[in-house]
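*Asks:* One structure coming up, written as structure tokens, with questions to follow.
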Amino acid sequence: MSSQIDHLLDETRRFPPSQEFAASAVAQPELYQHAHADRDAFWGEQSRELLHWHKPFTRVLDWSTPPFAKWFDDGELNVAYNCLDRHVEAGNGDRVAILWEGEPGDTRRITYAELTEEVKRVANVLEGYGVTAGDRVAIYLPMIPEAVASMLAVARLGAVHSVVFGGFSADSLRSRIDDAGAKVVITADGGYRKGRVSALKPAVDQALSDRGDGEQQTVEHVLVVKRGENEVDWTEGRDHWWHNAVPAASAEHEARAFPAENPLFILYTSGTTGKPKGILHTSGGYLTQAAYTHRNVFDLKPETDVFWCTADIGWVTGHTYVTYGPLANGATQVLYEGTPDAPHPGRWWEIIEKYGVTIFYTAPTAIRSFMKIGRSVPRKFDLSSIRLLGSVGEPINPEAWMWYREVIGGGNAPIVDTWWQTETGAIMVSPLPGITATKPGSAQVPLPGITIDVVDEAGEEVGNGNGGLLVITEPWPSMLRGIWGDPERYKETYWDKFEKQGYYFAGDGARLDEDGDLWLLGRVDDVMNVSGHRLSTAEIESSLVAHEATAEAAVVGASDETTGQAVVAFVIIKESYLSAHDAAGLATQLRQWVGEQIGAIARPRDVYIVGELPKTRSGKIMRRLLRDVAEGREVGDTTTLADTAVMSIISAQVK
Ligand code: 6R9
């Protein structure tokens, strides 16, 4: 019945950890047993072990009014103290927290003692602007150390940050500032991207400008970091230069304790329709799971490792695995301002060599774009320091997984394919590097303490060998606590579908293989139905990418009179292939290839050879737009694309 989806599951390669790795790994197999024996007690132990509680909690989980969870709720802590002061007090003030690399090549090394002092000063500045616990502060900054310091300064005050990705427009910024009712905005004149300065302050000015509808502006102060040295407009009284305000502020600031459920941040993410949702996270549970996953999934040895997560702080991955996880664990990490290919295509590999990065965490879309350029670029650099690789953001095709392992990981670094969401706050499903024998393309198993299942539309377990919908069956510490200002939408979006069972509906399709390992199949709206057969976009994309000609592929289900939906593929061909082969007939060849690999049912009706794919700024392919092209419709809203011109190019290529 579902033999089509089985192509991915025919993947038989297995990579068990080496004995050495297993023996010295942070996470040992008992972790699963402990969590299984008593889940609440397990999370309580993790939290006490990983964090400092000013006032210890006596209760782990309060789930008396689902879906509104409270974790550790009679305890008190300070999130910034946990990420900073306590490391200094423990004698690790001289350890480097941030190895910062600007895109033009300027660098800064910041120790825990220095970062702690900076955060104290910023906290004093914000207090001077009247920021107190519960107030919202918007952060719109490039990837500079001040971004991390700003998040922590807000957290230190018990206030709530809302980081808005620097690539978002003034309109997006305005709607996020308004929705959260932010009192302060922290921004920069500009930052470096692709070899030039990209301005940020003008978007803030525009977002705060009078729109003539009589609505009250909530922002009273704008703190501006000088980074790009670009000219900026200035509003006296409202705007303040960071380099004047911060050094002038006191370096003394006591971290007060706040309740575990004090809100920590809001992060906006797009839903299936309409207005972005402000996902709300709180303090104690979030920080517990951030620290726990960062330590166990990445096998962190804080004294010796150099960690690098390439995500921007504008995304949840940057919140949990740039700011909170690594700093709570006292890690040393690389922070890079720019794009992977500026000023040259080997920039990332050069940074890994330069800083001796040992743990590297990035997204499949980046890996595929490096595959497209070819292995000759990374081969020019010494990547031998790498001992662990991570992947996040979308299903990773087995071919990209193998390339990552061989070319970047030197054929022996374990890969952790980590499934999670803005809503889950931290990693939920992933191999553990010293324990799990990894399978290319599968995120495999829920972490100890996390309970996941795959169910059908009625909420019944599908069992091994079958596909369905991914659900989380029990609350977890870093779960979202709601949608800012919209408790109804929170219930509707995540809990109503499986209300009877009390499951969280993740919106992802998944399949359990015969071993019970999880294979993520993409968002459920990316699952196609062709002649009554369920096909996954991810599976057909993997097959296309496995062809020697293909650099990258996106597949959509376009409505079709006879088959319900038809498979339509958009394929980018490798430059190296084109220079050696005739491209004529390639589309036909690729159709046949998929037919051979997966079965006739999966053979694309159309294969379009294109030069680019439409991606969001976080690198996710916007299949909705490709579906418009495939169905011959006017292309829909492209405002969240990284490059809005891409769709007109693709439309022209398809015609
Ligand atoms: C962390 C992050 C969440 C959605 C999620 C799923 C997809 C993330 C994945 C993955 C397969 C993985 N996703 N990690 N799919 N394998 N390892 O990306 O958060 O931006 O909220 O996206 O991303 O579809 O539902 P977010």
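The values are calculated or read from the model by the stated rules, or taken from the named source; none is laboratory data. For clarity, every value in this text was computed on a predicted model and none was experimentally measured. When we count neighbours, we look across all protein chains shown, and the Cβ atoms used for this are built from the backbone with ideal geometry, even at glycine. For accessibility, only protein heavy atoms count, side chains too; no ligands or nucleic acids. Shrake-Rupley method; radii C 1.70, N 1.55, O 1.52, S 1.80 Å.
*Asks:* Could you tell me which numbered condition Asp582 fails, if it satisfies all but one of (1) out of contact with any strand residue (DSSP E or B) (no Cβ under 7 Å at 6 or more places or on another chain); (2) under 30 Å from Phe168 (Cβ atoms)?
*Replies:* The one condition Asp582 does not meet is (2).
*Asks:* Next question, about the same structure. Taking only segment 529-553 into account, find how many residues are surrounded by 23 or more Cβ atoms within 10 Å (Cβ to Cβ) and either within 28 Å of Ile279 (Cα to Cα) or modelled with pLDDT under 90 (or both).
*Replies:* 8
*Asks:* Further question on the same structure: Can you tell me which condition Val568 does not meet? The list is (1) touching a Phe, Trp or Tyr at 6+ places or on another chain (Cβ under 8 Å); (2) more than 25 Å from Phe370 (Cβ to Cβ); (3) assigned to a helix (DSSP H, G or I), and all the others hold.
*Replies:* In the conditions (1) touching a Phe, Trp or Tyr at 6+ places or on another chain (Cβ under 8 Å); (2) more than 25 Å from Phe370 (Cβ to Cβ); (3) assigned to a helix (DSSP H, G or I), Val568 misses (3) alone.
*Asks:* Out of everything in segment 60-81 that is β-branched (Val, Ile, Thr) and open to solvent by 20 Å² or more (accessible area, probe 1.4 Å), what residue ends up being farthest from the chain's Cα centre (by Cα)?
*Replies:* Going through the qualifying residues, I end up with Thr65.
*Asks:* Collect the residues in segment 592-608 that are hydrophobic (A, V, I, L, M, F, W, C) and touching a helix residue (DSSP H, G or I) at 6+ places or on another chain (Cβ under 6 Å), keeping them in residue-number order.
*Replies:* Val594, Ile598, Ala602, Val607
*Asks:* What's the total number of residues in segment 348-374 that are away from the ligand (no atom under 15 Å from the Cβ), of a type outside the set (A, V, I, L, M), surrounded by fewer than 23 Cβ atoms within 10 Å (Cβ to Cβ) and at pLDDT below 95?
*Replies:* Summing the residues that are away from the ligand (no atom under 15 Å from the Cβ), of a type outside the set (A, V, I, L, M), surrounded by fewer than 23 Cβ atoms within 10 Å (Cβ to Cβ) and at pLDDT below 95 in segment 348-374 gives 3.
Rundown of residues vs (1) touching a residue at least 12 places away in the same chain (Cβ under 8 Å); (2) in contact with a Lys or Arg (Cβ under 9 Å, 6 or more places away or on another chain); (3) open to solvent by 10 Å² or more (accessible area, probe 1.4 Å); (4) not polar (S, T, N, Q), yes/no style:
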{"site": "Glu118", "(1), (2), (3), (4)": "yes, no, yes, yes"}
{"site": "Asn124", "(1), (2), (3), (4)": "yes, no, yes, no"}
{"site": "Glu146", "(1), (2), (3), (4)": "yes, yes, yes, yes"}
{"site": "Gly158", "(1), (2), (3), (4)": "yes, yes, no, yes"}
{"site": "Val163", "(1), (2), (3), (4)": "yes, no, no, yes"}
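*Asks:* Which one is least open to solvent (accessible area, probe 1.4 Å), of the residues in segment 9-52 that are in contact with a Pro (Cβ under 7 Å, 6 or more places away or on another chain) and modelled with pLDDT under 95?
*Replies:* Glu11
*Asks:* Something else: Does segment 480-520 hold any residues that are in contact with an Asp or Glu (Cβ under 7 Å, 6 or more places away or on another chain), open to solvent by less than 10 Å² (accessible area, probe 1.4 Å) and either assigned to a strand (DSSP E or B) or more than 16 Å from the ligand (Cβ to nearest atom) (or both), and which are they?
*Replies:* Trp519
*Asks:* Can you go through His344, His243 and tell me which one is under 25 Å from Asn124 (Cα atoms), open to solvent by 10 Å² or more (accessible area, probe 1.4 Å) and out of contact with any Ser or Thr (no Cβ under 7 Å at 6 or more places or on another chain)?
*Replies:* His243
*Asks:* So the check is Cβ under 7 Å with 6+ separation or different chains; which pairs have a first residue in segment 449-469 that's without any contact (Cβ under 8 Å) to a residue 12 or more places away in the chain and a second one that's part of a strand (DSSP E or B)?
*Replies:* So the pair list comes out as Glu461/Asp453; Glu461/Val455.
*Asks:* Within segment 613-644, which residues are away from the ligand (no atom under 16 Å from the Cβ), among the small types (Gly, Ala, Ser) and at pLDDT below 85?
*Replies:* Gly636
*Asks:* A further question on this structure: Condition check: modelled with pLDDT of 95 or more and among the hydroxyl-bearing types (Ser, Thr, Tyr). Does Thr438 satisfy that?
*Replies:* yes
*Asks:* Can I ask one more? If Ser542 meets every condition in (1) more than 25 Å from Val316 (Cα to Cα); (2) within 14 Å of the ligand (Cβ to nearest atom); (3) in contact with a Phe, Trp or Tyr (Cβ under 9 Å, 6 or more places away or on another chain) apart from one, which number is that one?
*Replies:* The number of the failed condition is (3).
*Asks:* So which of Gly425, Gly411 ends up being touching a residue at least 60 places away in the same chain (Cβ under 8 Å) and either in a loop (DSSP other than H, G, I, E, B) or within 9 Å of the ligand (Cβ to nearest atom) (or both)?
*Replies:* Gly425
*Asks:* Another question about this same structure. So if I check each of Pro448, Pro433, Pro477, which one is away from the ligand (no atom under 16 Å from the Cβ), buried (at least 23 other Cβ atoms within 10 Å of the Cβ) and not in a strand (DSSP E or B)?
*Replies:* Pro477
*Asks:* Look through Ala458, Ala413 and report the one residue that is under 25 Å from Phe21 (Cα atoms) and aliphatic (A, V, I, L, M).
*Replies:* Just a single option satisfies the conditions, and that option is Ala413.
*Asks:* Looking at segment 254-271, I want the residues that are farther than 22 Å from Leu84 by Cβ and at pLDDT below 95 and have a partner that is within 16 Å of the ligand (Cβ to nearest atom) and open to solvent by 30 Å² or more (accessible area, probe 1.4 Å) with Cβ atoms under 7 Å, at least 6 apart or on another chain. Which pairs are those?
*Replies:* Partner pairs satisfying both residue conditions: Tyr268/Pro276; Thr269/Pro276; Ser270/Pro276; Ser270/Thr640; Gly271/Thr493.
*Asks:* Next up: I'd like to know if segment 576-597 contains one or more residues that are of a type outside the set (S, T, N, Q) and in contact (Cβ under 8 Å) with a residue 60 or more places away in the chain.
*Replies:* So far as segment 576-597 goes, no, none of its residues is of a type outside the set (S, T, N, Q) and in contact (Cβ under 8 Å) with a residue 60 or more places away in the chain.
*Asks:* Go through the residues of segment 452-459 one by one and say whether even a single one is crowded, with 24+ Cβ neighbours inside 10 Å, away from the ligand (no atom under 12 Å from the Cβ) and closer than 27 Å to Phe360 by Cα.
*Replies:* There is no residue in segment 452-459 that is crowded, with 24+ Cβ neighbours inside 10 Å, away from the ligand (no atom under 12 Å from the Cβ) and closer than 27 Å to Phe360 by Cα.
*Asks:* Scan (1) part of a loop (DSSP other than H, G, I, E, B); (2) in contact (Cβ under 8 Å) with a residue 60 or more places away in the chain; (3) over 20 Å from Gly167 (Cα atoms) for the single condition Gly619 breaks and write down its number.
*Replies:* All conditions pass for Gly619, except number (3).
*Asks:* Could you say whether any residue in segment 324-340 is under 27 Å from Gly44 (Cβ atoms) and under 14 Å from the mean Cα position of the chain (by Cα)?
*Replies:* Yes: segment 324-340 contains one or more residues that are under 27 Å from Gly44 (Cβ atoms) and under 14 Å from the mean Cα position of the chain (by Cα).
*Asks:* Filter segment 82-116 down to residues that are farther than 18 Å from Val334 by Cα and among the aliphatic types (A, V, I, L, M) and give me whichever is least open to solvent (accessible area, probe 1.4 Å).
*Replies:* Residue satisfying both the conditions and the ranking: Val88.
*Asks:* State all residues of segment 389-408 that are of a type in the set (A, V, I, L, M), more than 11 Å from the ligand (Cβ to nearest atom) and under 21 Å from Asp517 (Cα atoms); if no residue qualifies, say none.
*Replies:* Listed by number, the residues that qualify are Leu389, Ala400, Met402.
*Asks:* Right, something else. Looking at Val316, is it open to solvent by 10 Å² or more (accessible area, probe 1.4 Å) and within 14 Å of the ligand (Cβ to nearest atom)?
*Replies:* So Val316 passes the test.
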